[in-house]
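Beneath this line is the structure, given in structure tokens, with notes to follow.
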Amino acid sequence: MKILSSHINSVTVFPSVAEITRLAKVSLPKGESRVAFDMLPDTLVEKSVQVKGQGKAVMGTVKIEKVFHSVESDAGKNDLMDQALNADEQLRIAMDKVQRLNKEKTFIDNIIIKVTSPNEKSKDAELDPEKWAKMISFYQEKLETLDKFILAAEKEKVKHQDESDKLKAMLSQIGNPQAKKQKFRVSVVLDVLETGDVGLELSYQVPGARWFPVYDVRVGSDKKVNLAYQAMVSQTSGEDWENADLKISTARPKVQGNLPELRPFYIEIESTSDSKVYPELAEDMHLTKRVSNRPPSGGASAPAPLLKLDEMLKQAKVTVEAGATSVTFVITGKQTVKCDGSEEKVSIFSGEFPVELKYASVPSRQPYAYLTAKVTNATEFPFLPGEANVFLDGNFVAVSKLKQVAPTEEFSLSLGIDENLRVEYKLMNEFDKEGGNLFSKKTVVKSFEYQIKLKNFKKTTEEITVWDQLPISQNELLKVQLIEPVYKEDTNELKKEEGEKLRWTVVLKPGEERVIVFKYSVEVPQELKGRVIGIDF
């Protein structure tokens, strides 16, 4: 059997697995020969193995087996072991030095105790002040010197201990250099029809590989957004991918290919409880895309036309292979990805999109104006969920989250807080009063008055959407009334949305200030005022 000299030619990385393609070329005599790809990763997925060939030969049996190999220590491992032994020796010397200095300090302390302790011979002796002064001076100087030496020795000990631990950890990752390791071997029987060269291609899948998307979003004053779509690739498959062609795929080979079956869907009535959980206004409500069956005001707009791939990929230098259910990005140039789990960033594409910038605020939660960008994915491929580093006018402003975005789908990006559009939220008044008369039950009415102040410090006219909400009563005895603003029907400036949410749309000229007054009351029978959940009466 002839062991082939092969190299990794190409790698396709899926979200949780990779497909490796190895190439080998061998010169064989006429007749039957057995050749093998050896030292393949022990994590190789056997069912994924495929062998193809070129040349004047007929392929016969393909055998996949695990073989134990004696892995000899190379120069790098030997050097690492020498360094670890040296670090241990230096650590031992430092520990001995610390121990010796501490003993010397103890010895000095014992001398002082002996000299200053009374005994039969010295109890009647006269005290010589000069001798005592010299002794004290000697004692102080000696202890100060010893303390400095001990501190230096302790630091040296910690240094060598850290170095020793680091080297031992590196050695443990490499493993025992003399141990036998199990590796896969794929052998092929070839019936060579004519003496000459035969080319073989082996492909197989390995776990321990993954990629995930990251985005750089740059928004400029020209109202356009540049989105750089990148992939972070890492792997621990057991072999380095050196100078290989790299493909990034959105397919998921491990996801079950069969249509899942429905199982019985059981529901049950839970025991009643005095307390209920009600939905609240989301912190990032202004970032949520609202789905409606009605077209927006002004009529439904047609989807943005798809950009041609050659226009989008001028900077990216990748080729896109669109499959029936997935997309594969072919990265230009050779790539190297080590098997140590370190991440390599590769560029998928970079392109410009028109963008609609808007401001929004939920001042009862956060008194800030958030700048958001509405963008349409005008490409022929999807954006996968991932983090987006946002740059506004060249400055990093925020990390946003990008959801799964299909081609032609609109999505929102949070561009962070703009301090030049000031938002203030203040409780102006809160008071209780009693209601009712002799012929009706007495009630307690609690009123709240808030002030939302908006001011535009920018040099341009800006529009901002502001949200707040009324409490939602779950009991007919608990009555909520909107006092201000007076609402009769939706207008361009004020709309009432599901969940008792109020939405103001305010246009501010440069330097303009606007105040929104939000006032409501809650009425409850007096005997129930201590039982209201959500508001303190």
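Total residues in the stretch 82-109 satisfying the condition of being among the acidic types (Asp, Glu), without any contact (Cβ under 8 Å) to a residue 40 or more places away in the chain and within 20 Å of residue 141 (Cα to Cα): the figure is 1. The single residue among 378, 398, 406, 373 that is farther than 17 Å from residue 222 by Cα, buried (at least 18 other Cβ atoms within 10 Å of the Cβ), in contact (Cβ under 8 Å) with a residue 12 or more places away in the chain and among the aliphatic types (A, V, I, L, M) turns out to be 378.
For the condition touching a strand residue (DSSP E or B) at 6+ places or on another chain (Cβ under 8 Å), small (Gly, Ala, Ser) and open to solvent by less than 30 Å² (accessible area, probe 1.4 Å), residue 364 does not qualify. Note on the stretch 1-102: enclosed strands (runs of 3 or more DSSP E) holding 3 or more residues that are modelled with pLDDT under 90 are 57-70. Of the residues examined, residue 30 is one that is more than 24 Å from residue 253 (Cα to Cα) and of a type in the set (Lys, Arg). All conditions in (1) open to solvent by less than 80 Å² (accessible area, probe 1.4 Å); (2) over 18 Å from residue 241 (Cβ atoms) hold for residue 2, with the sole exception of (1).
Only one of the listed residues (353, 383, 349) is in contact (Cβ under 8 Å) with a residue 24 or more places away in the chain, open to solvent by less than 20 Å² (accessible area, probe 1.4 Å) and touching a helix residue (DSSP H, G or I) at 6+ places or on another chain (Cβ under 7 Å). That residue is 349.
Taking the stated definitions as given, is residue 446 at pLDDT 85 or above and farther than 20 Å from residue 482 by Cβ? Considered against the rule, which asks whether it is at pLDDT 85 or above and farther than 20 Å from residue 482 by Cβ, residue 446 comes out as no. The condition of being modelled with pLDDT of 90 or more, in a loop (DSSP other than H, G, I, E, B) and exposed (fewer than 11 other Cβ atoms within 10 Å of the Cβ) does not hold for residue 419. Of all residues in the stretch 426-459, those satisfying the criterion of being open to solvent by 30 Å² or more (accessible area, probe 1.4 Å) and farther than 23 Å from residue 366 by Cβ are 431, 432, 433, 434, 436, 437, 438, 439, 440, 441, 442, 459.
State all residues of the stretch 22-65 that are among the basic types (Lys, Arg), in contact with a Leu (Cβ under 7 Å, 6 or more places away or on another chain) and open to solvent by less than 90 Å² (accessible area, probe 1.4 Å); if no residue qualifies, say none. Across the stretch 22-65, the qualifying residue is only 22. Flag set for residue 186, criterion: modelled with pLDDT of 65 or more, closer than 30 Å to residue 236 by Cβ, aliphatic (A, V, I, L, M) and open to solvent by less than 80 Å² (accessible area, probe 1.4 Å).
Residues in the stretch 239-254 that are farther than 15 Å from residue 41 by Cβ and not β-branched (Val, Ile, Thr): 243, 245, 246, 247, 249, 251, 252, 253, 254.
The values are calculated or read from the model by the stated rules, or taken from the named source; none is laboratory data. Quantities reported herein were computed from a predicted structural model and do not represent experimental measurements. Glycine gets a Cβ as well: all are built from the backbone with ideal geometry, and neighbour counts include every protein chain shown. In case anyone asks, the SASA skips ligands and DNA or RNA and just uses the protein heavy atoms, side chains included. Shrake-Rupley method; radii C 1.70, N 1.55, O 1.52, S 1.80 Å.
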